[in-house]
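Working notes for the structure below.
The values are calculated or read from the model by the stated rules, or taken from the named source; none is laboratory data. Everything quoted here is computed from the prediction, not taken from an experiment. Counting neighbours? That spans all protein chains shown, and the Cβs are built from the backbone with ideal geometry, glycine included.
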Amino acid sequence: MRTQPVVLSFVALAALSACGNTVDGGNGSAKILSPSPMGTDATPGPSGSATTTSANVPMINVDVGAAPTTAPPVDLANGGLEMLRSGACGQWQAKTEALPAVLELVVDTSGSMGDGTDNRNDPPPGMSKWDLTAPALNKAIDSLASETALGVFFYPNRESFGGGSGATSCISTNDALPIMPLGPSASPARMTLASRIRDQRVSGSTPTHDAYHFGLGELQKTTLKGKPFMLLITDGTPTFDLGCVSLDGGRGQPDKAPNTAALVAEVAAAKAAGIGTFVVGVPGSQTERAWLSDAAQAGGTGTPGCSSVGPTYCHFDMTTAPDFASGLTSALSAIVGQVVSCNYPVPTPPPGQAADPNKVNLVYTPGGVATNAAIISRNDAPGCTDGWQYSAAGNEIVLCSQTCATIKADPSPQVEVFGGCATVVSVIK
């Protein structure tokens, strides 16, 4: 099933004296604003207010320096939600969606990917590592939301000859699929990806650092907005150092150890710049677990409690999976789940209205069932698990880890953001 973005309705309320810490009223129903097409045109909202969609509306940075004042929770059961949504304070409404993911896949298609999962070079037809990887990739891509942007680089995509003459001597970048929005089912982008995966052949050596470096460059230069991630899939020891410096003299087995520390350092630098990296080690990468694990940890995607010496590695280690095909499918599914964003841009108020970071409230309605609506408290504790907080820059609303997981697991979540009434906060003890 394709993942769906969570749509938040942002309701900016004028900071009028009529809005205090609590509101009450008549029999309020949890009417949820339905998604509308992306754009910037204002349309009439409730009580003559204006409604805008804000995926392309200029975003703002709010001043999050001042600590919020603790406020009692709004009594949703007695009409508080309806008052909060369309009561005396309501002035305008805007919709904003979670930031989409922007993914660059760097996939090892060197000659060893043609071997079997037992690393023998004569697997039965349809049972090579690549034969099993291709459908798992297709399934993962099919599950991504249409707003997701994706690029793919299969490496080396040529017979690799090294010697330090530059990256193009060991990888072919001409056939890299540029990062583009996936679009709906059967879109041209999805059809192109499916065709490229179907037609991909395995050959050559393993210039992993040059391939990652190229893919990272593709991600860094895209102008598409969203949360950026790299995904590296490989099955063995790199046979080139950065710059296409050959380690094996074209014989397939390195004469000296690859400088994997340099690759891990580049992954860490990417993370420092806001780009996470997922790492999948397929059968054949048993001897590379340590640095693959280090890379995942450096990329910010390591499993909690993991270690580069095992037994729980930080990357997705497929070398011991009883069934590689199903194991890889599960790993890619987990990655898809993690790239679904829990970050939401803070929309810009209309002219003449100010954004007050301490007058924002979130309401979550599980499954869209009005009677289950609940306020999500703001929680400024570092590494928070429940609630939400502002990003460091103040331009995004970020759900805490457990709240994020709960909403991701909901097949039809509805979350609304209200501005104008005092924020309900968690008391930090």
So which residues in the stretch 96-120 are more than 27 Å from Ile179 (Cβ to Cβ) and either at pLDDT 95 or above or in contact with a strand residue (DSSP E or B) (Cβ under 9 Å, 6 or more places away or on another chain) (or both), if there are any at all? Gly114, Asp115, Gly116, Thr117
Tell me which residues, restricted to the stretch 300-353, are surrounded by fewer than 16 Cβ atoms within 10 Å (Cβ to Cβ), more than 25 Å from Cys384 (Cα to Cα) and either free of Cβ contacts under 8 Å to residues at least 12 places away in the same chain or touching a His at 6+ places or on another chain (Cβ under 7 Å) (or both). Pro311, Thr320, Pro322, Asp323, Ser326, Ser330, Pro351, Gly352
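If we keep just the residues of the stretch 282-307 that are assigned to a loop (DSSP other than H, G, I, E, B) and either over 20 Å from Asp108 (Cβ atoms) or of a type in the set (Phe, Trp, Tyr) (or both), which is nearest to the chain's Cα centre (by Cα)?
Taking the candidates together, the pick is Gly300.
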Of the conditions (1) touching a Lys or Arg at 6+ places or on another chain (Cβ under 8 Å); (2) among the small types (Gly, Ala, Ser); (3) at positive phi, the single one that Gly368 does not satisfy is (1)
Quick check on the stretch 382-396. Is at least one of its residues at pLDDT 90 or above and at positive phi? yes
Looking only at the stretch 218-235, decide whether some residue is part of a helix (DSSP H, G or I) and touching a residue at least 60 places away in the same chain (Cβ under 8 Å). yes
Kindly list the number of the only condition in (1) among the polar types (S, T, N, Q); (2) more than 21 Å from Leu292 (Cα to Cα); (3) in contact with a strand residue (DSSP E or B) (Cβ under 6 Å, 6 or more places away or on another chain) that fails for Thr234. (2)
Enumeration of residues in the stretch 308-325 that are of a type in the set (A, V, I, L, M) and not in a loop (DSSP other than H, G, I, E, B): Ala325
Residue pairs qualifying under the 7 Å Cβ cut-off, at least six apart or on distinct chains, with the first in the stretch 124-136 being crowded, with 20+ Cβ neighbours inside 10 Å and the second being of a type in the set (Ser, Thr, Tyr), are Lys129/Thr117; Trp130/Thr109; Ala136/Thr329
Qualifying positions in the stretch 189-228 - among the small types (Gly, Ala, Ser) and within 25 Å of Ala265 (Cα to Cα): Ser205, Ala211, Gly215, Gly217, Gly226
Just checking, does the stretch 169-192 include any residue being in contact (Cβ under 8 Å) with a residue 40 or more places away in the chain, part of a helix (DSSP H, G or I) and more than 30 Å from Ala290 (Cα to Cα)? yes
